[in-house]
Amino acid sequence: MSDAQNTGSNAVSDTRPTRLRDAEVARLEILTEALDPLFAQIPEQVDLFDRGISEGDTPRLWIDVVAHVLMGRDKRIYRFVQDTRFGRIVIAESHDVAAIVDAVTDYVARRMVEREHALVATPAKPLVIDKPRRSGFWIFALGFVVGAVALFALALFAALRNI
């Protein structure tokens with residue numbers, strides 16, 4: 001009898017995480033439906049956003065490559081986060097779907113503006129400073145004169161030494 005009780009309790013404990021995960025996925029699908037009008041307004045040539053729900057140990061609604069919505073620890077709070085090279089930043093956290101939709105809308109708008117700025121920005125022209133062009137002839141002439149004087153001094157020194 002104890003084996004039957006253990007088997008029954010294990011079956012209940014195995015289905016509980018699955019039910020919680022299914023509940024999280026259902027809440028994320030509700031958020032996805034609320035975000036449909038926003039993503040319908042994004043032009044097709046903008047390929048920054050790839051929205052979809054990933055079902056894993058922690059279900060997530062991906063907005064783009066670095067931002068996603070996941071459920072909080074109590075499974076009722078939506079948490080909109082962005083992964084950066086310095087760690088994860090919580091952009092918004094709320095029980096209300098409308099608040100998260102507003103945060104995602106601001107994020108999407110900000111990313112689209114950044115994209116437009118990147119596309120419009122023209123590369124800066126390199127700063128070229130015009131140096132006054134000096135003629136190389138005067139340097140050559142100076143070197144020639146200094147060399148001639150040095151040879152004359154060497155010849156004079158050698159001649160005086162032989163005397």
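Quick look at the numbers
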{"quantity": "Cα-projected label distance for PHE144 with ARG88, points at 7 Å along beta-carbon direction, nm", "calculated": "7.8 nm"}
{"quantity": "Most mobile of GLY52, GLY72, GLY143 in a GNM of the chain (Cα contacts under 10 Å)", "calculated": "GLY143"}
{"quantity": "Residue among VAL120, VAL149, VAL66 with the largest mean-square fluctuation in a Gaussian network model of the chain, springs linking Cα atoms under 10 Å", "calculated": "VAL149"}
{"quantity": "Percent of Cα-Cα distances greater than 15 Å, calculated over segment 29-99", "calculated": "57 percent"}
{"quantity": "Which of TYR107, TYR78 has the fewest Cβ neighbours within 10 Å, and the rest in rising order", "calculated": "TYR107, TYR78"}
{"quantity": "Whole-number Å³ per residue for the convex hull built on Cα positions in segment 2-120", "calculated": "121 Å³"}
{"quantity": "GNM result for the chain, Cα springs below 10 Å: residue of ARG51, ARG73, ARG21 fluctuating most strongly", "calculated": "ARG73"}
{"quantity": "Length-normalised contact order for the chain - Cα pairs under 8 Å, 6+ apart - percent", "calculated": "11 percent"}
{"quantity": "Paramagnetic label zone (point 7 Å from Cα along Cα-to-C-beta, VAL97; backbone N under 15 Å) in segment 33-62", "calculated": "33-39, 61"}
{"quantity": "Distant-in-sequence amide H partners of ILE91 (H built 1.01 Å from N, under 5 Å)", "calculated": "PHE80, VAL81, GLN82"}
{"quantity": "Estimated FRET transfer efficiency (ALA23, VAL120; beta-carbon r; R0 41 Å; 0.05)", "calculated": "0.40"}
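Only the coordinates and a few stated rules stand behind these numbers; no lab work does. Nothing here was measured: the structure is a model prediction, and the numbers come from that model. We place every Cβ from the backbone using ideal geometry, glycine too, and count neighbours over all the protein chains shown.
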